[in-house]
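Read the structure below first, then the notes.
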There are 2 protein chains.
Amino acid sequence: MSSSDELNDHLRVKGYRVTRPRRAVWRALMDADDHLTVEEIAALVARRQPGVNLASVYRSLALFAQLDLVRESRLGDEDVTRWELAHPDEHFHLICDSCGRVDHHAGDLVARIIEHLRSGHGFDARSVDLSVVGRCAFCAADGEQRQPPDDIANDSR
Amino acid sequence: MSSSDELNDHLRVKGYRVTRPRRAVWRALMDADDHLTVEEIAALVARRQPGVNLASVYRSLALFAQLDLVRESRLGDEDVTRWELAHPDEHFHLICDSCGRVDHHAGDLVARIIEHLRSGHGFDARSVDLSVVGRCAFCAADGEQRQPPDDIANDSR
DNA sequence: GTGGCTGCAAACATTTTGCATAACT
DNA sequence: AGTTATGCAAAATGTTTGCAGCCAC
C-alpha cells in the first residue's frame, strides 16, 4: 500500500524531512496513478498547496527517485519525461500510435523477462523499462482506416 | 547492410536531398555502432566535416527518425537522449548500474515479447523499447566490491 | 535556375543552482 | 536552536526556429 505514511517513514528513516512540498508531490503521484509530467505534477501540487515552487517539485522528485520511491520513464517516442510511483511490481507500457492510448500491464511478462535475463545472460535485473509502441487491439480491429500515415508525420513539432 | 548508399536511396526516393551534413551524421552513426548522444554525433561530424552546425545535426536526426532510419532511445535512467541506426532487427539494452556497461542483445527476447503481446493482448507491436538496469554477469560474479574495469565503462560520456 | 537545406543566432523549453529565509525535527 | 529544505530568480542545458544565402538536383 502506498499510503502517505509510507512517505514519512521512507524519508525519516534516512534523515530527510517531511515537508509540505514533498508531501504534495507525493500525493499528486498517488492520486493520479497515471504517469505524470513534471508540469502536471506541479499543477496538482499547486491546487492543494499554492506557493510550492517548481524547483521544489524537481527537487522532491529527484530525492524520491534517489530513494527508489518513484520512477522516471519516457513513453514511446514522447518527448516529455514522466514520473510515477515505483510500484514494487514491475509493469510495462503499451502505447497505441493510433489512438494514443497508454496501457499499463502488470502481467508476468516483466517477471519472465527478468528470469530470462538471469538464466540466459547472468544478468541480475533490478529495473525493467519496457515500452512498446504499436497498434492496440481496438484500433487493429478497426481496420486500416485510422489515423492515417500523414498524421504520424504531423507531430514533428 | 547499412552502406552509405543506403542513405542516398532512402533520401532520394522520398525527394529529400543528400547533403553534406546529412551524410556526415549518417556516417557518424555508422562508424560508431554504439549509441551516441547528439553531442557525440556532432563531435564526430565536426571531425570530418568542420562547419556543420549543431542545428543541422538535430535536423538530420529528426529527418532520419521520421524516415525510420534511426531510433532515439533513452538508456536506463540516463538523462541524455541517444541515437542509433534503426536496425530492422529489434534488440534491447542491458545496462549494468555497477560498471556502467551497456550491452545490446539481438536475441529472440524481443520477438517473443511481440508474440506475447499479439496473442495475449491483441496488441500489434511496431517498436519495442526494452531497457533493463541491473547488474551484469561479470559484476554479479565479482561479489560486492566492484569498481570494474574502467575500460568497459568507457562510453559513459 | 530554383526550392530545399544550411549556418547563424536568437528564441524556447526544461531543469538546475546560489543564496537568504522559512520550517521541520 | 540547528539545520535542512524552500522560494525566488538567475543560469545552465538542450533543442527548435526564422531567415538570408548556398547548393544539390
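Here, each number is a calculation from the coordinates, and none is a lab measurement. Worth saying up front: this structure is predicted, and the values here are computed from it rather than measured. Here the Cβ is made from the backbone with ideal geometry for all residues, glycine too, and neighbour counts use every protein chain on show.
Taking 0.36 nm per residue of separation and subtracting the current Cα-Cα distance, fully stretching the chain between residue B:58 and residue B:115 would add 17.1 nm. The label point for residue B:47 and the one for residue A:103, both projected 7 Å from the Cα toward the Cβ, are 4.6 nm apart.
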